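Take a look at the structure set out below.
FYI, it's all coordinate maths here, none of it is from the lab. All figures in this text were calculated on a predicted structure; none of them were measured in a lab. With ideal geometry, Cβ positions are generated from the backbone for all residues, glycine too; neighbour counts draw on all protein chains shown.
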Ligand SMILES: *Cc1c(COP(=O)(O)O)cnc(C)c1O
């Protein structure tokens, strides 16, 4: 039987809370006793901050990593009680808001410490996590600057101006050897900082990839992004291979049908890109319908002999594969990009649903 679209005129992006809950349960068990710090950057990788926050909380995940101060403060206002870690801190960042919301800041430079030192400590001491760059070169103190950063933070802690709560790094995830090298660098730097008087309460380094494949690196927190949303961080395995479920599904109604082709109500205005010729498909009635071309508001697919579709039939663009649709990883392969870009690339005009 052909499934039909239920009223939305265009594309619909559905967040599947049960899939997120499933992924969190399975990874929480795998990572224990390390805890999950759930990464919710880019509107929770396109899944919606609020439904993801609520689902996580119901699964006992209370610690979040939110990129910017505004998102961290939004989580606090939703009622989040655990660690709210943010790490994109620029000169125009609202440090006072971070302080009011009790956020914990990933800090990598002296100027950030100096800005924190200007806050009124009577309003509460901001907690900082010092970042070491272990080779990704996307921020973090160089190993050569590390001791000076540690000393400066400890001096301010002695003055009662902040609290040095953690140390962290971010792996490049380019190879297991690179991550192991980074990890060794990190633990050596942590030991040195301890020698200088730092008493770190929490250490974190791994994101999804190292969290899954490099148990030793899990430390206190795994900063989990992709895996929570059912997306594999690895090129040689997809989410299903890892026992995870993709939590986002993009569907659209069939608009019109001709003898050899059909038009579907999703286009590049919705974030669907033009696939290399004939390589990608939309799944309608369980059958892959090859994409002929993508226009701004619609996509033309080939009809498939023996499959009786009509206006209002439901086309699956991406999802967990249950309806024969391509996964986010499969789309990413076709476009030579990462699956994060597929799931966060759906545009604002697409109707959001939560189930
Ligand atoms: C995005 C990000 C993560 C999460 O990475 P995934 O591969 O999505 O799990 C963790 N830490 C930092 C600093 C990040 O930017």
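Observations on the structure shown:
- Only Cα pairs under 8 Å and 6+ residues apart enter the sum, and on that basis the relative contact order of the chain stands at 20 percent.
- On Cα atoms only, tilt of 143-158 relative to the major axis of the chain in degrees: 70 degrees
- Relative to the longest principal axis of the Cα atoms of the chain, the long axis of helix 69-78 lies at roughly 80 degrees.
- Point-to-point label distance, residue 355-residue 145, nm (Cα→Cβ direction, 7 Å offset): 4.9 nm
- Centroid-to-centroid separation of the stretch 168-195 and the stretch 1-69 [C-alpha atoms, Å]: 29 Å
- Global geometry of the stretch 17-228, whether rounded, prolate or oblate, following the gyration tensor of its Cα atoms and the 1.5 cut on a/c: oblate
- Among 122, 275, 42: highest mean-square fluctuation, GNM of the chain, C-alpha pairs under 10 Å: 122
- Max mean-square fluctuation residue, GNM over the chain, Cα-Cα springs under 10 Å, options 121, 207, 252: 121
- Highest-MSF residue in the chain out of 66, 44, 258 [GNM, Cα springs under 10 Å]: 258
- Within the stretch 101-132, backbone nitrogen closer than 14 Å to the virtual label 7 Å beyond the Cα of residue 163 toward Cβ: 101-105, 121-129
- Full extension of the segment from residue 192 to residue 268, taken as 0.36 nm per residue of separation minus the current Cα-Cα distance, would add 22.2 nm.
- C-alpha long axis of helix 49-58 to longest principal axis of the chain, angle in °: 70 degrees
- Share of Cα-Cα pairs in the chain lying beyond 39 Å, as whole percent: 24 percent
- Between residue 184 and residue 88, the modelled label-to-label distance comes to 3.4 nm, taking each label 7 Å out from Cα in the direction of the beta carbon.
- Spin-label model, residue 177 to residue 78: label points 7 Å out along the Cα-to-beta-carbon direction sit 4.1 nm apart.
- Cα pair distances of the stretch 1-60 binned at 5 Å [whole percent]: 4, 15, 23, 19, 14, 10, 7, 5, 2, 0
- Two-decimal log10 I(q)/I(0) for the stretch 246-288, as the Debye equation yields it once each C-alpha is a single scatterer, q = 0.34 Å⁻¹: -1.34
- Stokes-Einstein D (µm²/s) once Rh is taken as the Kirkwood radius of the stretch 113-235 over alpha-carbon pairs, at 25 °C in 0.890 mPa s: 161 µm²/s
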